[in-house]
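Colleague: One structure is given below, represented as structure tokens, and several questions about it will come after.
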Amino acid sequence: LPQYMLQRTQDSDENVALEACEFWLTLAEQPICKEVLTSHLVQLIPILVNGMKYSEIDIILLKGDVEEDEAIPDSEQDIKPRFHKSRTVTLQHEEERPQDPEDGEDEDDDDALSDWNLRKCSAAALDVLANVFREELLPHLLPLLKELLFHPEWVIKESGILVLGAIAEGCMQGMVPYLPELIPHLIRGLADKKALVRSIACWTLSRYAHWVVTQPPDMYLKPLMTELLKRILDSNKRVQEAACSAFATLEEEACTELVPYLSFILDTLVFAFGKYQHKNLLILYDAIGTLADSVGHHLNQPEYIQKLMPPLIQKWNELKDEDKDLFPLLECLSSVATALQSGFLPYCEPVYQRCVTLVQKTLAQAMMYNQHPEQYEAPDKDFMIVALDLLSGLAEGLGCHVEQLVARSNIMTLLFQCMQDTMPEVRQSSFALLGDLTKACFVHVKPCIAEFMPILGTNLNPEFISVCNNATWAIGEICMQMGAEMQPYVQMVLNNLVEIINRPNTPKTLLENTGEALEGGEGHSRDTPGWAITIGRLGFVCPQEVAPMLQQFIRPWCTSLRNIRDNEEKDSAFRGICVMIGVNPGGVVQDFIFFCDAVASWVSPKDDLRDMFYKILHGFKDQVGEENWQQFSEQFPPLLKDRLAAFYGV
């Protein structure tokens, strides 16, 4: 069979070749791939690589010979609808952004070609194979790559650059020795006279951005950034798009490494505002938002604000409330507001008002539609979701300064409705905003707590995981503000939280993941320790109510918090556990080893928290007696034993 398929993948009829190529892609994703394919790589790799060239038809469709098209307006059907991802509250330790599984493949290609074709399928197959075979693929590839990358014909050179990008993820380790030579070659490719070569070079370089950032900045980061910024201002729209996307990836990898070049970067991005047609403007917003996320408060300098805000506000004023282009602009402004903090104050009033209006309009329209579906259209709730998320960005960025804005608006009433919306994404964003407002201006949240808490309780449903996470986080923030006054509401939320934290992905055996995580492995921590943090905070403010349940959650609680870095949220949660152990020491006895392990996960607890740990550990040791303690501590992995001895003298 493989021999026959190898021949069909080279069939002169592209449809036959594509079907055969899909066979390799499917096979590459199967567990048996390695044993079946190892002996055929010698033949298969050159065939896949050959399939990655643009066909003549592709080049015609892509107007590959049109170099300058920046003045031609986009046709509206070219612009794909984009989906707003509603805000999820991540804890401070989860800053690393999750890799989007859709990233990668061959996203350099044009929408005119968004139909699946042999080039895309071959590139996808090579990408998957690279992830299966890793370095073993390189002996088959490197001789081909050398020939392709330096080929005089642009179509062949272009396919070589695509190959290099496709294998970036799987073969990264093996490619490292060649990168000092290849990256400068690719950077030169950014100035190629063919637009299709320039655009693919952008994409492939973005796939190696992670490596570039690990090297001294003057070697590759600076030249790459300089050339990419020129490409952002390219006269070809496809190159502009590829450069903007690649630059966003570079921003995520480089983060604060970009601070010295901010002035230069902003000049370019702002200049692009005046230059871009519709479709690329939307990508430009993303590049600006990502820049703000990456450099954070470093953006809060008068000269940067002066450059960036006028064009953003101008666009904001041009767009009508019904215009879908508001989505990416609102997302962008949300990142900018969070980064600028007080620097955003001069712009916050109109932005805040408009967000409230968008929420209000959408709710009103939904109400009309529910009462008279035959007369009214259903609203697009994305407007409301994006507006709630920007309000969260403002609350987070402006902190206590948002108080006057909240005082002069009916946002709490609107929030009460949004929290009960039928659409999970609306509730998800509402709870994120509730948490941010709780931190920023609790005086306006407190009068609503009696109405809000039952709603939060009913949303602790792991079926809608993001809604559940955000509701959990909001409850934890409310605890920290309410203190002992939280008491009447504990029962509304406690049982659900305990049920969630005991969901069946917690370790069964005593030391299944304790040892390996201490030895430096990852441990199987659950998706988010948010539930554990909120239970800890509830226990901190209402220990008498929560401590009786200790035995039901202490083990999963310890295992989910052991893997997160020291931070304020972890601090408040551990204080809660210590207070509860004081109230109900019996609740922790059976799982005490898990508590020891969680304590040992702290690098530098505050002095008073360390004292709490010390008292509990020594109290337990004195309670059971020296001999029993010796037997008990025999079970500890060596690292845990050493840590407890060094830090707490037990």
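Colleague: Taking 0.36 nm per residue of sequence separation and subtracting the Cα-Cα distance, how much length would be gained by fully extending the chain between Ala645 and Val443, in nm to one decimal?
Modeller: 68.2 nm
Colleague: Now for a separate question. Let me know the Rg and Dmax you get for the stretch 264-321 when you use only its Cα atoms, in Å.
Modeller: 11.5, 33
Colleague: Could I have the simple spin-label model distance between Ser263 and Tyr369, label points 7 Å from Cα toward Cβ, reported in nm to one decimal?
Modeller: About 4.9 nm, to one decimal.
Colleague: Which of (1) 41; (2) 67; (3) 59 is the computed percent of Cα pairs over 41 Å apart for the structure on display?
Modeller: Entry (1).
Colleague: Now for a separate question. List, in the order given, every pair from Lys120/Lys146; Lys193/Lys320; Lys80/Lys222; Lys120/Lys320; Lys34/Lys63 whose Cα-Cα distance in the structure shown is over 31 Å.
Modeller: In this structure, Lys193/Lys320; Lys80/Lys222; Lys120/Lys320; Lys34/Lys63 lie more than 31 Å apart at Cα.
Colleague: Another question, if that's okay. Got a number for carbon plus sulfur as a percent of the chain's accessible area, 1.4 Å probe?
Modeller: Reported share for carbon and sulfur atoms: 53 percent.
Colleague: So if R0 is 51 Å, what FRET efficiency would Asp566 and Glu153 give, r being the distance between their Cβ atoms, rounded to the nearest 0.05?
Modeller: In this case the efficiency is close to 0.35.
Colleague: Around Asn502, which amide H atoms from residues at least 5 apart in sequence, or from another chain, sit under 5 Å from its own amide H, with H modelled in the peptide plane?
Modeller: Correct list: empty.
Colleague: What distance in nm separates the simple spin-label points at Ile313 and Glu29, each placed 7 Å from Cα in the Cβ direction?
Modeller: 4.9
Colleague: Let me ask something else. Considering every pair of different Cα atoms, what Kirkwood radius, in Å, is found for the stretch 195-301?
Modeller: Value: 13.6 Å, from the Cα pair sum.
Colleague: FRET efficiency for Glu67 and His185, Cβ-Cβ distance as r, R0 = 22 Å, nearest 0.05?
Modeller: It comes to 0.50.
Colleague: Read phi for every residue in the stretch 553-565 and hand back ³J(HN,Hα) as whole Hz from Karplus 6.51 cos²θ - 1.76 cosθ + 1.60, θ = phi - 60°, with x for Gly and Pro.
Modeller: Values, residue by residue: 10, 4, 5, x, 4, 5, 5, 7, 9, 5, 9, 10, 5 Hz.
Colleague: Which order do the peptides 613-624, 457-468, 425-436, 243-254 come out in when sorted by mean C-beta neighbours inside 10 angstrom, highest first?
Modeller: Sorting 613-624, 457-468, 425-436, 243-254 by mean packing, highest first, produces 425-436, 243-254, 457-468, 613-624.
Colleague: Within the stretch 304-348, which residues have the backbone N less than 16 Å from the label spot 7 Å out from Leu233 along Cα→beta-carbon, could you tell me?
Modeller: Under 16 Å, as judged by backbone N against the label point of Leu233, lie 307-308 of the stretch 304-348.
Colleague: Hey, can you rank 27-40, 138-151 by average C-beta count inside 10 Å, highest first?
Modeller: In descending order of packing, they fall as 138-151, 27-40.
Colleague: Can I ask one more? If you take every residue apart from Pro223 with its C-beta less than 13 Å away from the C-beta of Pro223, what net charge results, scoring Lys and Arg +1 and Asp and Glu -1?
Modeller: It works out to a net charge of +2.
Colleague: Here's a follow-up. Using a Förster distance of 35 angstrom, determine the FRET efficiency expected from the C-beta separation of Glu463 and His40, and round it to 0.05.
Modeller: 0.20
Colleague: Quick check on the stretch 111-200: take the gyration tensor over C-alpha atoms, sort the square-rooted eigenvalues as a ≥ b ≥ c, and tell me if it's rounded (a/c under 1.5), prolate or oblate.
Modeller: Verdict is oblate for the stretch 111-200.
Colleague: Gap in Å between the Cα centre of the stretch 150-228 and the Cα centre of the stretch 256-314?
Modeller: 24
Colleague: Viscosity 1.002 mPa s, temperature 20 °C: give me the Stokes-Einstein translational D for the stretch 32-77 in µm²/s, with Rh taken as the Kirkwood radius over C-alpha pairs.
Modeller: 150
Colleague: Under the 0.36 nm per residue contour assumption, what length would be gained going from the current alpha-carbon distance of His278 and Gln623 to full extension?
Modeller: My answer for the length gained is 117.0 nm.
Colleague: From the phi angles alone, apply the Karplus equation (6.51, -1.76, 1.60; θ = phi - 60°) to the stretch 13-22 and give each ³J(HN,Hα) in whole Hz, x where the residue is Gly or Pro.
Modeller: Couplings: 7, 4, 5, 5, 4, 5, 4, 5, 5, 5 Hz.
Colleague: Under the Karplus relation 6.51 cos²θ - 1.76 cosθ + 1.60, θ = phi - 60°, what is the ordered set of whole-Hz ³J(HN,Hα) values for the stretch 280-297, x standing for Gly and Pro?
Modeller: Here the 3J(HN,Hα) series is 6, 4, 5, 6, 5, 4, 5, 5, 6, x, 5, 4, 4, 4, 7, 9, x, 5 Hz.
Colleague: Packing-wise, with mean Cβ within 10 Å as the measure, how do 374-385, 562-573 rank, highest first?
Modeller: 562-573, 374-385
Colleague: Kirkwood Rh, Cα Rg: Rg to Rh for the stretch 530-648?
Modeller: 0.93
Colleague: Further question: Considering only protein heavy atoms, with the full assembly of protein chains and a 1.4 angstrom probe, order Tyr347, Tyr369 by accessible area, largest first.
Modeller: The residues order as Tyr369, Tyr347, largest area first.
Colleague: Taking only C-alpha pairs under 8 Å that are 6+ residues apart, what is the relative contact order of the chain in percent?
Modeller: 9
The values are calculated or read from the model by the stated rules, or taken from the named source; none is laboratory data. Since the model is a prediction, treat every value here as computed from it, not as a measurement. In this analysis, Cβ positions are derived from the backbone assuming ideal geometry, glycine residues included, and neighbour counts consider all displayed protein chains. The protein model used for the area step is the full one, side chains on, heavy atoms only, and it has no ligands, DNA or RNA in it. Shrake-Rupley method; radii C 1.70, N 1.55, O 1.52, S 1.80 Å.
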